Every structure is written in structure tokens, then in C-alpha cells.
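See below for the structure under consideration.
The values are calculated or read from the model by the stated rules, or taken from the named source; none is laboratory data. Please read these numbers as outputs of a predicted model, since none were measured by experiment. Note that we place each Cβ from the backbone using ideal geometry, even for glycine, and neighbour counts take in every protein chain shown. Note: accessible area is taken over every heavy atom of the protein model, side chains too, but ligands, DNA and RNA are not part of it. Shrake-Rupley method; radii C 1.70, N 1.55, O 1.52, S 1.80 Å.
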Amino acid sequence: MDETFYSTLLRSLDGQTGYLSRLLKSWADVNTGSYNSNGLNRFISLMREAFKTLPAKMETVSLPAQTMLRPEGKLSFPLGKALSVKKSVEAPIRILLTIHYDTVYSADHALQRCQETDQNTLKGPGVADAKGGLLVLVEALKLFEASPWSDRISWEALITPDEEIGSVGSTPLILEAARRNDLALVYEPALPDGSLVGTRKGSSVYSALIRGRAAHAGRNPEFGRNAIHAMANFIVQMQDSFNPHPGIILNVGETFGGGAVNVVPDLAYFRFNIRSQNPDDQILVNSVIEKLSDGLNEIDGFKVEISQDSSKPPKVVDHGTVKILDHFVSCGREIGIDIKWGNSGGASDANIVAAVGVPTVDGLGVRGGGLHSQDEYVLTDSILERIKLSALFLMKLAHGDIKLPANH
Ligand SMILES: [Zn+2]
């Protein structure tokens, strides 16, 4: 009897793909680059509208500004607001659903508006990463709340404005929310074949400023301390130290320094990203960075300053998470989709949540591709499919067909 009831509820969504794609398009057309305060604020009102029919309390949470070491020194960048939506009813099972609404596309990026490129493809900024996932999250909750077992789960949704810049402001909120829930669902896009995400690499970002001493390159080069040479050495030595550890990936992504070539440059600036596989890698990374900076600071005339801008630990898959992933695979089978789970090199807020020890399923968002590029797209038939997947899981969990792993 319940099987039929599940499917009747799920079928109520059929035929809504057109409506859902138009809604997604209207969301993605609003620029929400991580530093675009106006766009982020505008988007909050769209979210309030989207969540308003749910029996929940909404609250916007201001985040502290991000401080970043830049060539000019420490600068501060305002962040958008997080939106917390908490179901008003207390229930024995508590679930956190989370996703970000910022995108990598700044207000002056070339890609600003969506375009339908064929019947099943909507191209546009953030359509997959992660506004498509946000739509899945909201609609799955609506469908679940329409079911007769809705009073058995109390959920909270946390929608964040800074994931694409390392969740620098929202990390404490995410941690708090993770600790008070039994399970976390993260709506980052699915892997290209539709798989959910198991493990993710850790990711940390650093900014470094090296000051040397200016001098005439020909007349008194010995007086100079070449900050760019020091930076180059620093980078090479860092890479050499990581070479024996294939799980650690270094990417220097931004450099700045110098001016006229006949002047020994007294300033060099660089930012780098480190990806890691094992929770212990971060300890090694930090000790390498510390050793190299201490070494450089000991040389007369050099001064190096390094700041860690953000850090997410690797996401490992624990026993509890495997069980939940398997339940999603069975739910997928019931609605006729073959779901697997795989691993990703990218980090997400699931890394933060999972570190608390809560079973965490990620990649529940839409299928698509071209993430972070000019060609980002969503396959629009996946919107409905993914809403059904999450809603079915929630209904089964509430009804007792799925049990949460004990002692997570
Ligand atoms: Zn994302």
C-alpha cells in the first residue's frame, strides 16, 4: 500500500519539468558571484519566496567580512548572508540539508544569462553548481511535507553565500548545524554520470607576501633581495617536499610582483591551493610551509608573511555514510534510475559536515557539466528525477522503511 502511495505522490510532479526549468532559469539569471553583495541580497528574496510555503522559520544570518592578504596588505571583503530555514515541528529524526547559492561567476563575467541550447539542456551560470541543487532541495522538501509522515522528521536547510571562496564565513554555521543533526544531505551537482559523491579531497588556500629589498640591478645588485627569486625558490621547494606524497597536489594559481626589469623587486605575492587525500596530509603541508617561511625569514633582508585563507579537510566515507548511500541507490532503482556513488577531487561543504562525524551524502543535486566554465549546463530532465530521489528517501526514512545507522 505504501509503495503505491509513494509513487502516487512522486507522480504528482510529472509534467513539471518546463515549470521547474523556468524557475531555475530565473534564479540563475540573477548574478550571485561570491563578492557580488547586491546580487546575493537580491537572491535572498527569491529564496524567501521559494521556502515560504514550508512550515518553517526563516532567518538570515550575517557573516563576518573575509580578510585576505593581498599585495597591498590585509584587505577585507564583505560576504553575503546565509539563509537558515528550520522546520517548526520537533521530531525524533533531525536532518540537515545544505547547499550554497554563490557562484564562481562575478558580476563582470561574460556568462550572465541562461540559454536553452536544446530541449534538455539549459546553459547558464550556476545552473548545476549549485542553483539546480538548491531547486531540488526546496522541491523535495515540499513534496515530503505533502506526505502523511512529514511530522516524523524535523529538518533544517542552510543556504550559504561563500562556498566558492572556501566557505570562509559560513564554516562555523555549517559545523553548528552538522552537530545538531543526525544526517546531512548536500546538494552539490552529481558526478557527470549521475553518481552521488563519496570521498572528496581536502582543499586549503594560502596567500603569501614576500618582501625583499629594492636595488639597482646593475650598480648594486648585491644590496638587493630579489623577492621574485625567493618566491620561485619557495614554490619549487614546496613542490619538491610534496613530490613523495602523490595525494598532495599543489597549484599556484596567482602571482604578482616586480616592475621595471632593471630594479631588484622588493615584493612578490602568490596564492596557492593544496588538495590532500588523507586527514594527516594537512599536518605535513603546514610543517613544510612553516619550515620554508622560517628559513626565508632568517635570511637578512627578507620577510615572508603567509596566511591560510580557507581549509576543508578531506571527506572520508564512514560506515554510516556507506549505508545511507546504499539506501539512495535502492531509492534510485525504485524510480527507475541507476545510481552509483563515486569519488571527487573537488571539495564541498560536505567535507566540513562529514568531519563532525555525521553521515553525509553529497552530489544530490542535478546532472550537468562544464562547472565553473563558460559552458556550464544542466540536463533539465534530471531536476525532476533528483527531486523524486530525495523525496522518496525522506518519505521512507520518516515511514521507517529506512533506518539511520546507530552510533554515528
Ligand atoms: Zn558547488
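A Gaussian network model of the chain, with springs between Cα atoms under 10 Å, assigns the largest mean-square fluctuation among Leu79, Leu13, Leu141 to Leu13. Protection proxy ranking, highest mean first, for peptides 268-276, 142-150, 377-385: 377-385, 268-276, 142-150, where packing is the per-residue count of other beta-carbon atoms within 10 Å, averaged. Please report how far the C-alpha centroid of the range 164-203 lies from that of the range 269-289, rounded to the nearest whole angstrom. Spelled out, the Cα-based centre of one part sits 20 Å from the other.
Here the chain is treated as a Stokes sphere of Kirkwood radius computed over C-alpha pairs; at 37 °C and 0.692 mPa s its diffusion coefficient rounds to 145 µm²/s. Extension gain, Asn297-Glu176: 0.36 nm per intervening residue step, less the Cα-Cα distance, totals 39.8 nm.
From helices alone, the chain scores -10500 deg cm²/dmol at 222 nm; the rule is -39500 (n - 2.57) for each run of n ≥ 4 DSSP H residues, then divide by the residue total. With Cα atoms as the point set, the range 1-89 shows a radius of gyration and Dmax of 19.0, 67 Å. Translational diffusion of the range 203-311 was estimated from the Stokes-Einstein equation, with Rh taken as the Kirkwood radius over Cα pairs; at 25 °C and 0.890 mPa s the coefficient is 169 µm²/s.
When DSSP beta bridges are restricted to pairs lying wholly in the chain, around 75% turn out antiparallel.
Among Val61, Val136, Val361, the largest mean-square fluctuation in a Gaussian network model of the chain, built with springs joining Cα atoms closer than 10 Å, belongs to Val61. Put simply, when 95-107, 122-134 are sorted by average Cβ atoms within 10 angstrom per residue, most first, you get 122-134, 95-107. Between the amide H of Trp155 and those of Lys87, Ile95, distances stay under 5 Å, these residues lying 5 or more places away or on another chain, with hydrogens modeled in the peptide plane. With all protein chains kept in place, the per residue accessible area of the chain amounts to 43 square angstrom at a probe of 1.4 angstrom.
What's the local net charge at Val304, with K and R +1, D and E -1, over the other residues with C-beta under 10 Å away?
0
Relative to the longest principal axis of the Cα atoms of the chain, helix 133-145 runs at roughly 30 degrees. Derived scalar couplings between HN and Hα for the range 113-119 equal 10, 7, 8, 7, 8, 8, 4 Hz in order, rounded to whole Hz, by the Karplus curve 6.51 cos²θ - 1.76 cosθ + 1.60 (θ = phi - 60°), x for Gly and Pro.
Quick one: of Lys142/Lys403; Lys340/Lys396; Lys74/Lys312; Lys52/Lys81; Lys81/Lys403; Lys57/Lys340, which pairs are farther than 24 Å apart, Cα to Cα? Spell out each step's value before the answer.
Details: Lys142/Lys403 22 Å; Lys340/Lys396 19 Å; Lys74/Lys312 22 Å; Lys52/Lys81 18 Å; Lys81/Lys403 34 Å; Lys57/Lys340 34 Å.
The pairs that break the limit, which is 24 Å between Cα atoms, are Lys81/Lys403; Lys57/Lys340.
Between Tyr19 and Val329, the C-beta separation translates, for a Förster distance of 35 Å, into a calculated FRET efficiency of about 0.75.
Can you tell me the order of 28-35, 330-337, 394-401 when each peptide is scored by its average per-residue count of other Cβ atoms within 10 angstrom, highest first? Walk me through the intermediate numbers first.
Numbers: 28-35: 22.1, 330-337: 15.6, 394-401: 20.0.
By packing density, highest mean first, the sequence is 28-35, 394-401, 330-337.
Label zone of Thr53 (point 7 Å out along Cα→Cβ, amide N under 19 Å): in the range 68-85 this covers 85. For the range 1-150, the spread of Cα positions along the three principal axes, ordered from largest to smallest, is 67, 43, 20 Å.
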